[in-house]
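Worksheet: the structure to be examined is printed underneath.
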Amino acid sequence: AQSVTQPDIHITVSEGASLELRCNYSYGATPYLFWYVQSPGQGLQLLLKYFSGDTLVQGIKGFEAEFKRSQSSFNLRKPSVHWSDAAEYFCAVGARESSYKLIFGSGTRLLVRP
Amino acid sequence: GAVVSQHPSWVICKSGTSVKIECRSLDFQATTMFWYRQFPKQSLMLMATSNEGSKATYEQGVEKDKFLINHASLTLSTLTVTSAHPEDSSFYICSASTPSLPGELFFGEGSRLTVL
């Protein structure tokens, strides 16, 4: 069965500092991996996704993520955080074998210090 | 393209009543739709998977008689919360997929249900 772990419940960074949000997954085959962002009371916005190919994926808003099969990880990074990045971030895993249904991690809340 | 719309965005109902939430794919044919619920400050939990014209497949622990899912057309799925109670208050989000874009999921804006 698929599972996703986001070990950090909260992360606080200063505006302009770099950011890394951790995500580890468990799945036997090659997974489809996603990062979503959610502002309070809002729906989900897709930041980036990995299906195959280049393991470093570029997304919107200056985010990137790297798929590391050996570590079963798909960490999200941003070189310089903006105050508007404060939100909840979810990592998700899907697979063709399970009809692409997404299983979400527990989320990481990002707080940005001015 | 690939827009999914949910209606209503929010709804308040009395305990014991039933509430229907619609999920529509506006510009593509959604052969599969997924329904999630999200409690405050928590993650999204998959409730069920529905394929057009078939009965929904519910995740373990989700009451199928409580949460009725219908996917009668390629552009519409509905979730009906029957005999709603305050503990059913939650944020319900649908997502849709299409065979022409395997692996891609398109999410609705979510529907917030409050049961008094």
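The values are calculated or read from the model by the stated rules, or taken from the named source; none is laboratory data. From a predicted model like this one, the values you see are computed outputs, not experimental measurements. Here the Cβ is made from the backbone with ideal geometry for all residues, glycine too, and neighbour counts use every protein chain on show. Accessible surface areas use protein heavy atoms only, side chains included; no ligands, DNA or RNA. Shrake-Rupley method; radii C 1.70, N 1.55, O 1.52, S 1.80 Å.
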When residues of the range B:70-101 are filtered for being outside any loop (DSSP other than H, G, I, E, B) and open to solvent by 30 Å² or more (accessible area, probe 1.4 Å), how many remain?
-> 6
Taking the range B:21-53 and the residues there that are among the basic types (Lys, Arg) and surrounded by 15 or more Cβ atoms within 10 Å (Cβ to Cβ), the one that is farthest from residue A:4 (Cα to Cα) would be B:24
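Can you go through A:108, A:30 and tell me which one is surrounded by fewer than 16 Cβ atoms within 10 Å (Cβ to Cβ), within 14 Å of chain B (Cβ to nearest Cβ), β-branched (Val, Ile, Thr) and under 25 Å from residue B:59 (Cα atoms)? Before you say what the answer is, go through the steps one by one.
Working: A:108 fails: surrounded by fewer than 16 Cβ atoms within 10 Å (Cβ to Cβ).
Step by step, each of A:108, A:30 is checked, and only A:30 is surrounded by fewer than 16 Cβ atoms within 10 Å (Cβ to Cβ), within 14 Å of chain B (Cβ to nearest Cβ), β-branched (Val, Ile, Thr) and under 25 Å from residue B:59 (Cα atoms).
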Residues of the range B:35-44 being within 10 Å of chain A (Cβ to nearest Cβ) and modelled with pLDDT of 95 or more, in sequence order, are B:36
What are the residues in the range B:102-116 that are open to solvent by 20 Å² or more (accessible area, probe 1.4 Å) and within 10 Å of chain A (Cβ to nearest Cβ), if any?
-> B:102, B:104, B:106, B:107, B:109, B:112
